[in-house]
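Only one structure is covered here, and it is reproduced in the block below.
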Amino acid sequence: MVVPTAKDFIDVTLSKTQRKTPTVIHKHYQIHRIRHFYMRKVKFTQQNYHDRLTQILTDFPKLDDIHPFYADLMNVLYDKDHYKLALGQINIAKNLIDNVAKDYVRLMKYGDSLYRCKQLKRAALGRMCTILKRQKQSLEYLEQVRQHLSRLPTIDPNTRTLLLCGYPNVGKSSFINKVTRADVEVQPYAFTTKSLFVGHMDYKYLRWQVVDTPGILDHPLEERNTIEMQAITALAHLRAAVLYVMDPSEQCGHTLSQQFELFSNIRPLFANKPLIIVANKCDVKKISELSEENQACDKLLAHRVDSKMKGKKVHDVLNRLHLAVPAKRDQKERPPFIPEGALLRRKAMEVDVPKRKLEKDLELELGDDYTLDLQKYWDLMNADEKTDKIPEIWEGHNIADYIDPEIMKRLSELEKEEELREQAGEYDSDEESEDEEMQEIRKLASQIREKRKLKILESKEKDVHGPRLPRTARKVERATLEKEMGDLGLDMGDKDDSHYVQQGRSRSLVRKRKREASAPPTSRTRSQSASRPPRDKSGIRDAKMMKKSKTMMKNSQKGMNRQGKKGEADRHVFNLKPKHLLAGKRKSGSTSRR
Amino acid sequence: MRIEKCFFCSGPVYPGHGMMFVRNDCKVFRFCRSKCHRNFKKKRNPRKTRWTKAFRKSAGKELTVDNSLEFEKRRCIPVKYNRELWNKTVEAMKRVEAIKQKRSARFIMNRLKKGKELEKAEAINEVKKNIHLIKAPHAGDSKKLEEKMVQKLAEDVEMDE
């Protein structure tokens, strides 16, 4: 995990607090709710800081808990004291933040208004952030340490290792480049390699680590710089075969005697480790250098095996190892089984017999005339039918659906059945021998239907919508009446005396009217309407009845007149939403409706 | 090459016609024309769509169980080609087809016969109820009366003689 800078840390945590805790609060809320709201924010911030700092503390390795090689390396690279101090500071900061939060949460319990609680929260958050601002240096240092630490090479201190050491520029890195897949920088200047490098190689089916160190100069331990110290650390802690590389050609810039001096100075570090002195750069100056590496590995392997055999654990393993071989139960020979077909094929392959003629050969022979005719390979009952054109469809049916070896038998059965049916008379067309009466009836029925339809059409065409006059209002013509009745079959010949004929009235000569005020028609003149009694007098016997009828009329009209209605059909509502019915609250009384 | 059956209307789908739809459960639907295809997409049930053969068969309007219909059937086991068998089959097919058509025609005719009887009864009913639209009840009365009178006179005359 990345160690954030102080500024980033503060920003992230505060924005998180804002996002992940509720933000809405009003001063009219209940006080316990307000308090809880602000306490939550304080605790949330504290929690975040605490978690992150704890994570940082646990992620960084404790120098006492790791392998002494790495502990020493880290000391060399990062200074043990500084490292421990930085982590200590972080720890203190964490505790301080916790305390701050605790105090302010306690104070918040006595906050009596929104403003006070809010100020308390501001104070708490502010103090926590200030604490963290002071840790800026520690956090930066730890971030750098983390980055460098992640780039350290993974050297397993417990596995087989070869360690290359010697003066700078003697050829240690070149050696490791050759032997392993590592790609270490090789340059003519000294101290090209500034830190440890690891490569891996295989020997005797085992993985070996080869560690390349920066060169060591000859001066006492106290005066050594960081780079050299790394080499020394490696030498000191790794149980490896040491390859002390020398340069007889003195191309590195140091004489052989100087190199030998260095060797003797470092000698105490080689205690308990197989040592090989490598004379390098033999192309420049020849000193035979026979597969030094093999010797070194063998030596180390032997050393390791020895130490292992001396250990007690080996005996346990040896007891459990046992090689099982099945015992022979009789003298019968049991050779491996090879099927006949395989044997034949093997023989054929060996003898190389020419196979049957392939299609390909045929194609080559015929050239352009060749047609792929797979039908010739068909396996049919009669071989000469192979080239037949097989019909597939007949009149909308698939012939393949009818194919059946027993079709003729079934067909004969079907035909027999058909004959039986025919004999039974199923297929005789039954003539409907209808007698004359039935025909008459049919004719009449069709006439009736026609007549009905015509009548319906007639009535539809009349197109009288709305108020209709009664049937008797219209005058019936004599001619139409007689025609209709005649169509229906009645005899309408001699009907001059019948009741429906209008008696023609004798008309006197019409005088030309003079320009005088003509007298209005009296009850006995020619207009027919005058011959009928007026409506308010028809059906009334005497004056008493007349009076009664008039009062009845007036009575029935009273209600309507009072309501201002035009008549009994006037249902107009002047006020659809009267205010006195719809306004106001629903009080006791009728609340079931409006 | 074979003539398939349309899934919707059960009509023949000739090669080069129609559409095939393969559903995700690997069921294949063939349609003879877009009418059937569109109806299928509208999720209509062919057994309820009146113009399809499926409806007609399920509603009993056409011959469903018959020996002559058992001849045309997709068989699982293929039969090896044999010229005389094929020839015989083609002839048999023609014969079977003729019988099949006769029988299904007869079936439909029988079904329609009942309608004829109903028609008869209806005509009689119609005449009984609505005869007044054509003929007045007393239509031929005066004539009959006259004839009667004439007959009576003739009888009287005879008697007199």
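The values are calculated or read from the model by the stated rules, or taken from the named source; none is laboratory data. Here the structure is a predicted model, which is why all the values come from computation and not from measurement. Cβ placement follows ideal geometry from the backbone for every residue including glycine, while neighbour counts extend to all protein chains displayed.
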Of A:Arg33, A:Arg40, the only residue that is charged (D, E, K, R) and out of contact with any Ser or Thr (no Cβ under 9 Å at 6 or more places or on another chain) is A:Arg33
Could we say that A:Leu411 is more than 9 Å from chain B (Cβ to nearest Cβ), over 30 Å from B:Asn125 (Cβ atoms) and among the hydrophobic types (A, V, I, L, M, F, W, C) here? no
Among the residues of region A:357-372, the number that are among the charged types (D, E, K, R) and either within 14 Å of chain B (Cβ to nearest Cβ) or exposed (fewer than 10 other Cβ atoms within 10 Å of the Cβ) (or both) is 4
Within region A:243-292, of all residues that are within 20 Å of A:Ala190 (Cα to Cα), in a loop (DSSP other than H, G, I, E, B) and touching a Lys or Arg at 6+ places or on another chain (Cβ under 8 Å), the one modelled with the highest pLDDT is A:Asp247
Of the listed residues (A:Glu461, A:Glu440, A:Glu434, A:Glu426), the one being within 13 Å of another protein chain (Cβ to nearest Cβ), free of Cβ contacts under 8 Å to residues at least 40 places away in the same chain and assigned to a helix (DSSP H, G or I) is A:Glu440
Scanning region A:465-495 for residues that are over 13 Å from B:Ala136 (Cβ atoms) and small (Gly, Ala, Ser), the one surrounded by the fewest Cβ atoms within 10 Å (Cβ to Cβ) turns out to be A:Gly466
If we ask which residues in region B:52-105 are more than 9 Å from chain A (Cβ to nearest Cβ), surrounded by 12 or more Cβ atoms within 10 Å (Cβ to Cβ) and in a loop (DSSP other than H, G, I, E, B), their number turns out to be 6
Item to complete: Determine whether A:Ile390 is without any contact (Cβ under 8 Å) to a residue 12 or more places away in the chain, in contact with a Ser or Thr (Cβ under 7 Å, 6 or more places away or on another chain) and assigned to a loop (DSSP other than H, G, I, E, B).
Response: no
>> Any residue that is small (Gly, Ala, Ser) and either in contact with a strand residue (DSSP E or B) (Cβ under 8 Å, 6 or more places away or on another chain) or within 30 Å of B:Leu63 (Cα to Cα) (or both) - is there at least one of those in region B:85-93?
In response: yes
Residues of region A:15-35 being in a helix (DSSP H, G or I) and within 34 Å of the chain's Cα centre (by Cα), in sequence order, are A:Ser15, A:Lys16, A:Thr17, A:Gln18, A:Arg19, A:Lys20
Going through region A:393-408 in order, the residues found to be in a loop (DSSP other than H, G, I, E, B) and either facing chain B (nearest Cβ under 7 Å) or surrounded by 10 or more Cβ atoms within 10 Å (Cβ to Cβ) (or both) are A:Gly396, A:Tyr402, A:Ile403, A:Asp404, A:Pro405
Those residues of region A:77-91 which are under 47 Å from the mean Cα position of the chain (by Cα) and either more than 13 Å from A:Glu140 (Cα to Cα) or acidic (Asp, Glu) (or both) amount to A:Asn91
Counting only residues that are of a type in the set (D, E, K, R) and crowded, with 19+ Cβ neighbours inside 10 Å, region A:70-117 contains a total of 2
Contact list, first residue from region A:60-89 and closer than 20 Å to A:Asn158 by Cβ, second anywhere and surrounded by fewer than 14 Cβ atoms within 10 Å (Cβ to Cβ) and of a type in the set (S, T, N, Q), beta-carbon distance below 9 Å, six or more apart or interchain, is A:His67/A:Asn158
(1) part of a helix (DSSP H, G or I); (2) closer than 30 Å to A:Glu385 by Cα; (3) of a type outside the set (Asp, Glu) all hold for B:Cys36 apart from (2)
